[in-house]
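Shown next, in structure tokens, is the structure this report addresses.
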Amino acid sequence: MNLYPYFKIDDSIKKAADHALQESDTQLQKIEKTTDYNQQKMLAAFLESGVSESHFAASTGYGYGDRGREVLDQVYAKALGAEDALVRHNFVSGTHALTVALFGVLRPGDTMLCVTGLPYDTLQSVIGLTGDGNGSLKEFDIHYEQVDLTPDGKPDLPAIAKRVHELQPKMVYIQRSRGYNLRPSLFVEEIEEIIRVCKKQAPNCIAMVDNCYGEFVEKEEPTSHGADLMAGSLIKNPGGGIAPTGGYIAGRKDLVESCAYRLTTPGTGREIGCTLGHNRELFMGAFHAPHVTGEALKTAVFTSALFSQFGYETSPRWDEPRADIIQTLLLRNEKSLIAFCQGVQKGAPVDAFVTPEPWDMPGYDSKVIMAAGAFTLGASIELSADAPLRTPWAAWMQGALNFHSGRLGAMLAAQSMLEQGLLGK
């Protein structure tokens, strides 16, 4: 029986895919167990918060008394193991949510110490490391310091302890995911250890985590293991592929309140902000988030197992535990990188007929190619692959609303490379 009757896929790739499924079965089962736990946790958050049909009602204007907005915050806080949360459709991206959090709690003269090396590209202009500095933390006299990672890409705990002791920073900033980097993403227990080291040297410092791509990958979140504040995007893991936009900030109640004052105005904070009928989508996205994150993880494991058979280095390997949904593949040269992304695009439910090409994307220092045929523009929880065109010619793949289509997307990426004579080259 032909398992792929609607797609032209070479027999060698089909055979490799069958082997990849068998080889990764143990890892896929582990993911299912984590998904089961997190789905129960999310359901409990809904039940404890008393979610009802009335919470889906739209509000306009100032949005005073929007009960759905308030209960949505409760659901996220409970699911993320935080004291409080601020979940809004008008966070335009994860970078926006992170920026609101930074400006919400940092003041002129404060120092922000990033202990996981250089942060993600789009945050660098927020800090003032790139761009003209207009509106950046630097312009507001907020100082930035950094502790580089060790040569193997791990946090340098002795160096972190030393710098925290010397600087006594207002904030210690931790980026969980690798970004456009080959270093390993951080597990919650690693983040907890970093925070423990920092708090020992500066007990009052704020431990903030960029949690993008990491939500619901493990059974616990950084906010239940010492993080004072964290933020992320709803068009990644926590929106479940349903939220059309938005982001969240979660953590200590007083800090979340300060962030709300920055998002709106001092004095009004979270009490205003109409929801315009988005509540239903945001609630539904949250409910689906653990399952969809699990599907994305299974797709990543399968892709790693498949391309390992063709001789490519992958990170994480298919048999390694995961701290986020991102799968990195070292594709050796520019042509292979482009062919891979073009193949992923062919497996997209939207704009599959489009051929992605590298372009000068705002916020990045080199041309970037992006494959993303998504129902929500830019949604990283939907199957996508992107990469800056620079050495080591690595593709960063993430997402998949369901494993069945995600698996096909990976196979079509291999098919694209094969047709161009690049697979295994």
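Leaving out ligands, DNA and RNA, and with a 1.4 Å probe, what % of the accessible surface on region 256-323 is carbon or sulfur? Please list the in-between numbers first.
Values: 1320 of 2470 Å².
Within region 256-323, the accessible surface is 53 percent carbon and sulfur.
Filter the cross-link list 199/298; 33/236; 14/154 down to pairs whose alpha-carbon distance in this structure exceeds 27 Å.
Values: 199/298 36 Å; 33/236 21 Å; 14/154 36 Å.
Over 27 Å Cα-Cα: 199/298; 14/154.
Of all the options 47, 113, 297, the one that moves most in a Gaussian network model of the chain with Cα springs shorter than 10 angstrom is 47. Region 271-289 and region 24-94 have Cα centres separated by 9 Å. Beta bridges from DSSP with both residues in the chain: antiparallel share about 65 percent, rounded to the nearest 5.
Residues 173, 180 ordered from highest to lowest accessible area at a 1.4 Å probe: 180, 173.
Here the Karplus relation 6.51 cos²θ - 1.76 cosθ + 1.60, evaluated at θ = phi - 60°, turns the backbone of region 269-282 into coupling constants of x, 7, 6, 10, x, 5, 9, 6, x, 7, 4, 4, 5, 6 Hz, with x for every Gly and Pro.
Relative to the longest principal axis of the Cα atoms of the chain, the long axis of helix 94-105 lies at roughly 20 degrees. Listed by chain and number, the aspartates and glutamates placed with their C-alpha closer than 16 angstrom to that of residue 30 are 218, 220, 295, 319, 320, 324; residues fewer than eight positions away on the same chain are left out. With the dipole of the chain worked out from charges on the C-beta (+1 for Lys and Arg, -1 for Asp and Glu) around the Cα centre, which of 293, 177, 416 lies farthest toward the positive end? Checked the options; the winner is 416. Across all Cα pairs in the chain, the calculated P(r) in 10 Å bins from zero up to the longest distance comes to 5, 22, 31, 26, 13, 3, 0 percent per bin. Here is the list for region 44-93: chymotrypsin sites (Phe, Trp or Tyr not before Pro) lying in DSSP coil, each with at most 16 other C-beta atoms within 10 angstrom of its C-beta, are 62, 64.
Counting charges near residue 100 (Lys, Arg +1; Asp, Glu -1) among other residues having Cβ under 11 Å from its Cβ returns a value of +2.
Sites listed here are chymotrypsin sites (Phe, Trp or Tyr not before Pro) in region 334-425 whose DSSP assignment is loop and whose Cβ has at most 12 other Cβ atoms within 10 Å: 353.
Can you give the net charge of the other residues whose Cβ lies under 14 Å from the Cβ of residue 162, counting K and R as +1 and D and E as -1?
Counting the neighbours of residue 162, the net charge comes to -2.
Take the solvent-accessible surface of the protein heavy atoms, probe 1.4 Å, and return the percent of it on region 85-197 that carbon and sulfur atoms account for.
Numbers: 2400 of 4560 Å².
Here it works out to 53 percent.
Accessible surface for the chain, divided over its residues, is 41 Å² per residue with a 1.4 Å probe. If you build a Gaussian network model of the chain, linking Cα atoms that sit under 10 Å apart, which residue out of 115, 87, 197 swings the most? Ranking 115, 87, 197 by mean-square fluctuation puts 197 first. The angle separating the long axis of helix 188-201 from the principal Cα axis of greatest extent in the chain is about 30 degrees. Between residue 88 and 247, the built amide H atoms are under 5 Å apart, and every one of these is 5 or more places off in sequence or on another chain.
Rounded to the nearest 20, the Cβ-based charge dipole of the chain about its Cα centre (Lys and Arg +1, Asp and Glu -1) stands at 200 debye. In the chain, the longest principal axis of the Cα atoms and the axis of helix 334-346 are about 90 degrees apart.
Is region 181-269 rounded, prolate or oblate when judged by the Cα gyration tensor, a ≥ b ≥ c being the square roots of its eigenvalues, rounded requiring a/c under 1.5 and prolate requiring a/b larger than b/c?
Because a/c hits 1.5 or more and a/b fails to exceed b/c, region 181-269 counts as oblate.
The values are calculated or read from the model by the stated rules, or taken from the named source; none is laboratory data. As the structure is a prediction and not an experimental result, all values here were calculated from the model. Positions of Cβ are generated from backbone atoms using ideal geometry, with glycine treated the same way; all protein chains shown enter the neighbour counts. Ligands, DNA and RNA are excluded from the accessible area calculation, which covers all protein heavy atoms including side chains. Shrake-Rupley method; radii C 1.70, N 1.55, O 1.52, S 1.80 Å.
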